[in-house]
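This report concerns only the one structure given below.
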Amino acid sequence: MAKKHILIVPGDGIGQEVTEVGKKVLEKIATKFGHDFTYDEALIGHVAIEATGDPLPAETLEKMKASDAVLFGAVGHPKYDNDPSAKVRPEQGLLKMRKELGLYANLRPIKLFDELLSASSIKPEILKGADILFFRELTGDIYFGEKGRKNNGDTAYDVAEYSRYEVERIGRKAFEAARTRKKHLVSVDKANVLESSRLWREVIQKLALEYPDVTVEYQFVDATAMLLIKDPKRFDVVVTANLFGDILTDEASQIAGSMGMLASASIGDGTGVYEPIHGSAHDITGKGLANPMASVLSAALLLDISFGMKAESEVVINAVDQVLKKGFRTGDIADATTDKSMILGTDAIGEEILKLI
Ligand code: NAI
Ligand code: MG
């Protein structure tokens, strides 16, 4: 039995709807495994601005730091999307949260459920069994280096910069994860051209000596982009820099089918934050149509990564798998062959998942 305190931060739009299901899954797991989970809730994004004027109120940040993990929904509201001049914005809350909590590692598991094979534009025989865990460095690289203009504005530059320390800490997370999976790590860089990538490779090579049980493969990013589509099954854990990870994970998300299926974890030295990759989806907000599986799978990541509860996490993932096998779908993962009576709303499919836990 473990005692853990979880902060629920639903945020805006469908974030509210799907996080409710994610929380119920955590409650069910606690009951099933005899854990003592306590919960609190806090505001972020548009709802926080409405209530306090601040997209990340100090109280929310304090609660985040004081909890063992955060289950997060999404931020965003239509009133800001078409108004770039708005000074206070929901996404500022998200960015500040990541910075304040030092969330330097973004994990994005790309897991394809067999039942959704036909939903992809990639051939089923190539996709079947694909299961990749990306580690994208999140607080360094060209996004945070010096940037500017010279020559009267006719030349622009962005500097890609990494320190040994930054590469080592994300590398270590990836090696540790690889140990719990197939013990195979692909490190992606552009070390044939970029000095920051040469340091990246040097640090990963040195780390590899500490993890002799993990096989490391070094790839140049252009090759990885090709191999992800050609043979996604050759990947297990992938670690890469901020820019490469940004691009490769968007490419890889197509392996899993819908946005409503993809979970992510942002971790650092403190509290980990777990969230769907999708946004607040104004177009379906309040209609009960959102696919809650990304939030449910985020809860599974939370159990695995923040709490070290691998068995509990697998029970959750398996429940999602079984619900799909039974033929239940939400609208985003239904196709022409789906029996209409099997297309459920957010809460109803959530109940089916709960039944199977
Ligand atoms: P979105 O991810 O909210 O929605 C894109 C499309 O996918 C929509 O048609 C939506 O209905 C559908 N979709 C998304 N999640 C779904 C789910 N769980 N089930 C079924 N369908 C789903 O992205 P969009 O529309 O570009 O942005 C909407 C708002 O969300 C904006 O204000 C944006 O700034 C914000 N946003 C927030 C993010 C976050 O909090 N991490 C990430 C991306 C966008
Ligand atoms: Mg991106």
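Within the range 68-108, the percentage of alpha carbon pairs spaced more than 14 angstrom apart rounds to 58%.
Extending 7 Å from the Cα toward the beta-carbon at both V193 and K123 defines two label points whose distance is 3.0 nm.
Arranged from fewest to most other beta-carbon atoms within 10 Å of their beta carbon, S266, S196 become S196, S266. Multiplying the residue separation of K183 and N152 by 0.36 nm and subtracting their alpha-carbon distance yields 6.0 nm. Take the alpha carbon gyration tensor of the range 1-44, find the square roots of its eigenvalues, order them as a ≥ b ≥ c, and report rounded if a/c is under 1.5; if not, report prolate when a/b exceeds b/c, else oblate. Because a/c hits 1.5 or more and a/b fails to exceed b/c, the range 1-44 counts as oblate. For the range 142-202 versus the range 322-357, the spacing of their alpha-carbon centroids is 40 Å. Which whole-angstrom value gives the distance between the alpha carbon centres of the range 255-283 and the range 74-91? Value for the Cα centre distance between the two parts: 19 Å.
Compactness check for the chain: Cα Rg over 2.2 N^0.38 Å is 0.99.
For the chain, give the share of DSSP beta bridges that are antiparallel, in percent and rounded to the nearest 5; count only bridges with both residues there.
40
Among beta bridges from DSSP that stay inside the range 131-254, the antiparallel ones total about 20%.
Remark: the chain carries a charge dipole of roughly 620 debye about the Cα centre, counting +1 on each Lys and Arg Cβ and -1 on each Asp and Glu Cβ.
When the GluC sites (Glu not before Pro) in the range 99-175 are filtered for DSSP coil states and for at most 12 other beta-carbon atoms within 10 Å of their beta-carbon, the remaining sites are E146.
Where only DSSP H runs of four or more residues are counted, the chain gives -12000 deg cm²/dmol as its mean residue ellipticity at 222 nm, each run worth -39500 (n - 2.57). When the alpha-carbon atoms of the range 136-282 are used, the pair Rg, Dmax equals 16.4, 54 angstrom.
Note on K96 and E168: their simple-model spin labels are 3.3 nm apart, each label 7 Å out from Cα toward Cβ. Just check the range 166-250 against the gyration tensor rule for me: Cα atoms, a ≥ b ≥ c as the square roots of the eigenvalues, rounded for a/c under 1.5, and otherwise prolate or oblate depending on whether a/b exceeds b/c. Oblate is the answer for the range 166-250, as a/c is 1.5 or above yet b/c matches or exceeds a/b. Cβ crowding within 10 Å, taken as a proxy for footprinting-reagent exposure, orders R181, R329, R169, R149 from fewest neighbours to most as R149, R181, R169, R329. Note on the range 131-254: dipole from Cβ charges, positive end direction compared against S187, A252, P212; the farthest Cα belongs to P212.
Can you give the extra length, in nm with one decimal, that the chain gains between D246 and D347 once fully stretched, where that is 0.36 nm per residue apart less the Cα-Cα distance?
My answer for the length gained is 33.2 nm.
Using only alpha carbon pairs under 8 Å that are at least six residues apart, calculate the relative contact order of the chain and give it in whole percent. Relative contact order, the chain: 22 percent.
Readers should treat all values here as calculations from the given coordinates under stated rules, not as data from a laboratory. Worth saying up front: this structure is predicted, and the values here are computed from it rather than measured. Using ideal geometry, Cβ is built from the backbone for each residue, glycine included, and neighbour counts are taken over all protein chains shown.
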